[in-house]
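The values are calculated or read from the model by the stated rules, or taken from the named source; none is laboratory data. None of these values were measured; they are calculated from a predicted model. Using ideal geometry, Cβ is built from the backbone for each residue, glycine included, and neighbour counts are taken over all protein chains shown.
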Amino acid sequence: MTIQSKPVERPLASPFVANVMNPIIATLLRSPLHGALSSSTIVLSFKGRKSGKVYNLPVGYYELQGDRLVVIPLHRWWKNLQGNVPVTVWLKGRKYTGVANATQGDEVTISALQQIIANSANLMRVYKIERDANGQPDANAIQHVAQSLALVRIRLTTT
């Protein structure tokens, strides 16, 4: 069983990824060629709380329930989305408007994150969650990881 003692966060993207790759991926996701990426990635656009700068980030999503998306941000940009913030989402080649709310640390968020992580082989690999003797994800490791992550819930308002 491997449990990390500090919060889980990936290092910041390199300037190449942030300045070259992200715009290319965002352009592809908005184009008719979106198919290869659309099943797991969206473009999320929002204004910075303090700067007012518009951010266009390609991000992975892990659930789609009717008009709701769930994103697990890898960096601190999620703080801009606390408190029902208007967003634009490019999902499967189509543009939607929505409202995003980012949370971290409360029981409901931790529980949702635990469920998402336990059902995602990719997230288990990213956060180095081992399986027990019965092949089940290590619940303590998942809880530890979930406590340090944020969750962004996006409700689409127009289609």
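If we keep just the residues of the range 30-47 that are among the hydrophobic types (A, V, I, L, M, F, W, C) and free of Cβ contacts under 8 Å to residues at least 24 places away in the same chain, which is surrounded by the most Cβ atoms within 10 Å (Cβ to Cβ)? Steps first, please.
The first filter runs over the range 30-47 and keeps only residues among the hydrophobic types (A, V, I, L, M, F, W, C), leaving 33, 36-37, 42-44, 46.
From what is left, the residues that are free of Cβ contacts under 8 Å to residues at least 24 places away in the same chain are 33, 36-37.
On the way: L33: 12, A36: 10, L37: 18.
Among those residues, the one meeting the criterion is L37.
Of the residues making up the range 77-100, those that are closer than 19 Å to T158 by Cα and of a type in the set (D, E, K, R) are K92, R94, K95.
The single residue among Y62, Y55 that is modelled with pLDDT of 80 or more and over 30 Å from A141 (Cβ atoms) turns out to be Y55.
Take the residues in the range 94-112 that are of a type outside the set (V, I, T) and closer than 21 Å to V43 by Cα; name whichever of them is modelled with the lowest pLDDT. Residue satisfying both the conditions and the ranking: R94. Within the set L44, L81, the sole residue that is aliphatic (A, V, I, L, M), over 21 Å from M21 (Cα atoms) and modelled with pLDDT of 95 or more turns out to be L81.
Which ranges mark the helices (runs of 4 or more DSSP H) fully within the range 48-156 that have 3 or more residues being in contact (Cβ under 8 Å) with a residue 40 or more places away in the chain, surrounded by 13 or more Cβ atoms within 10 Å (Cβ to Cβ) and of a type outside the set (D, E)?
Output list reads 107-118, 139-148.
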